[in-house]
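The values are calculated or read from the model by the stated rules, or taken from the named source; none is laboratory data. This structure is a prediction, so every number in the text was calculated from the model and none was measured. For neighbour counting, all protein chains shown are included, and Cβ atoms are generated from backbone atoms with ideal geometry for every residue, glycine included.
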Ligand code: UDP
Ligand code: MG
């Protein structure tokens, strides 16, 4: 240390003064959130910014191609508060792309991802930072312990999804896990290294590993506005998760194909033997039709499964950007 030139020492000291407080980045994707954005900002101000004087904050809000006044609200917030940074996409790229953009631009030592609709309570950020500081963990994640207020059918499908994916994937998926989490810089750097086009963050966060502490909380309903997830969007999301983190569907198709082929072979031998001994008394159209339809159906299903993987390979090979930025107040 003492052998360092004076300039280096002064530079280090200056940097230390400039960055005496750790920086916390809060990444928050917004899509048509004009009603809830002002409420969110107010809640953050009250529960986080004014409570934690030992930290500096940057609030990175991503406008994911909203069609309402979200962008103009973001511009106003950024004008009024220098902690607010925003990125606006050229169209709707989805929450996953928005989170990726936010993480990419986050400069913090600690980085938090949360929804804007106040379903992720801002008060928990205080707790998360305490846990990160006191315990030697790299990440504080959250999970909902109840699904109160959620449609029954949605909860049932969500549970089935977690049961299936945990059986067929090596990555562990926690039931009720939210994207709401606070991570150290090293975790975010690892997450950003996964440049896949089809992003499934719940899986990516688990895949990168690191020591994670889980906080639990009860489901909270949206403060205003409405959910962007239709039932079919959620089904697509579940398929995305399975295909991104497991090749078991392909292996299942192979297994069923092998069993069916073996049975077909045995059946053929039996038919030949019967024909040799007793002749061929019945034409057997119904059984032929049934077997053809079953096999045809299975072949189409297997093709569909292969197609899901091929499509993702195709999209990845094209190397299209995950999002396109149209406007931002972040200087690079
Ligand atoms: N969101 C987004 N792009 C989308 C859909 C959603 O950025 O295409 C954001 C949305 O603004 C919110 C978060 O993702 O901050 C979660 O969305 P939502 O509350 O609709 O989902 P839910 O809580 O119902 O699962
Ligand atoms: Mg929500």
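Miscellaneous remarks
- Just so you know, in region 110-119 the residues that are surrounded by fewer than 23 Cβ atoms within 10 Å (Cβ to Cβ) and over 13 Å from residue 61 (Cα atoms) include one that is nearest to the chain's Cα centre (by Cα), and it is 119.
- Residue 266 vs. criteria assigned to a helix (DSSP H, G or I), surrounded by 13 or more Cβ atoms within 10 Å (Cβ to Cβ) and away from ligand 2 (no atom under 16 Å from the Cβ): no
- Selected residue (criterion: farthest from residue 187 (Cα to Cα)) from residues of region 129-155 that are more than 16 Å from ligand 2 (Cβ to nearest atom) and within 20 Å of the chain's Cα centre (by Cα): 145
- Sole exception among (1) in a helix (DSSP H, G or I); (2) modelled with pLDDT of 90 or more; (3) surrounded by 14 or more Cβ atoms within 10 Å (Cβ to Cβ) for residue 181, by number: (1)
- In region 216-254, the qualifying residues are those that are assigned to a loop (DSSP other than H, G, I, E, B) and away from ligand 1 (no atom under 13 Å from the Cβ), and the one that is farthest from residue 157 (Cα to Cα) is 247.
- The listed residues are 223, 253, and the only one of them that is at pLDDT below 85 and over 30 Å from residue 301 (Cβ atoms) turns out to be 223.
- Any hit, region 296-304, residues being surrounded by 10 or more Cβ atoms within 10 Å (Cβ to Cβ), within 26 Å of the chain's Cα centre (by Cα) and in a helix (DSSP H, G or I): yes
- Of all the residues in region 15-68, those that are more than 16 Å from ligand 2 (Cβ to nearest atom) and at positive phi number 1.
- Residue within region 225-236 that is under 22 Å from residue 124 (Cα atoms), surrounded by fewer than 17 Cβ atoms within 10 Å (Cβ to Cβ) and away from ligand 2 (no atom under 13 Å from the Cβ) present: no
- Residues of region 82-97 classified as out of contact with any strand residue (DSSP E or B) (no Cβ under 8 Å at 6 or more places or on another chain) and free of Cβ contacts under 8 Å to residues at least 60 places away in the same chain, total: 2
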